[in-house]
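The values are calculated or read from the model by the stated rules, or taken from the named source; none is laboratory data. All values derive from a computational prediction rather than experimental measurement. Quick reminder, even Gly has a Cβ in these numbers, built from the backbone with ideal geometry, and neighbours come from all protein chains shown. Ligands, DNA and RNA are stripped out before the accessible areas are found, and what is left, the full protein with its side chains, is counted by its heavy atoms. Shrake-Rupley method; radii C 1.70, N 1.55, O 1.52, S 1.80 Å.
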Amino acid sequence: MALDVFLTFNGNCREALDFYSGVFKSNIEGLMTFSDAPASDGYVASESDKNKIMYASLNISGSTVMFSDTPDGMPYNAGNNIVLTVNVTERAEVERLFGALNIDPNPHMPPQQTFFAEYYAMAADKFGLIWNIIKQP
């Protein structure tokens, strides 16, 4: 199991990526905008979200640091814009962690297959922390 950090931004993620990639001399990896996401389950990126960063990462001192802009309709709170990401190898572990962490009756995203992960969930815990739980191949 590995623990990574996911940082969210309020529309200035591209600027942050350029800054941090220069500071840490790291190449930006896996960059996707919201317009790169396939239309599924009725999701279509809004005009204002299309060029925002949905996902990108940097390797900083051996750790993966992931980046995203906050899409329209989701709250952004400066200072609370960190999401912890746990990478696991079993679907059952995604479900176990989601069940143990999530306290929201309307979860951010229950365990499911996505276009970017074989199995994924997003949970909010009792301390207000947001968790991405990803099954890696």
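Data table
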item	result
Cβ pairs under 8 Å, 6+ apart, first in the stretch 2-22 and at positive phi and open to solvent by 30 Å² or more (accessible area, probe 1.4 Å), second modelled with pLDDT of 90 or more and hydroxyl-bearing (Ser, Thr, Tyr)	Gly11/Thr70
Selection within the stretch 63-120 - closer than 21 Å to Thr33 by Cα, of a type in the set (Ser, Thr, Tyr), surrounded by fewer than 17 Cβ atoms within 10 Å (Cβ to Cβ) and in contact (Cβ under 8 Å) with a residue 12 or more places away in the chain	Tyr76
The lone exception for Ser40 - which of (1) surrounded by 11 or more Cβ atoms within 10 Å (Cβ to Cβ); (2) closer than 28 Å to Pro137 by Cα; (3) at pLDDT below 85 it fails	(1)
Selection count, the stretch 123-136, where residues are open to solvent by 40 Å² or more (accessible area, probe 1.4 Å) and free of Cβ contacts under 8 Å to residues at least 40 places away in the same chain	2
Of all residues making up the stretch 18-45, the number that are under 19 Å from Ala117 (Cβ atoms) and β-branched (Val, Ile, Thr)	1
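Yes/no matrix, rows are residues, columns are (1) of a type in the set (A, V, I, L, M); (2) more than 19 Å from Arg14 (Cβ to Cβ); (3) more than 14 Å from the chain's Cα centre (by Cα):
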| residue | (1), (2), (3) |
| --- | --- |
| Ala56 | yes, no, no |
| Met66 | yes, no, no |
| Asp69 | no, no, no |
| Val94 | yes, yes, yes |
| Pro107 | no, yes, yes |
| Thr114 | no, yes, no |
| Asp125 | no, yes, yes |
| Asn132 | no, yes, no |
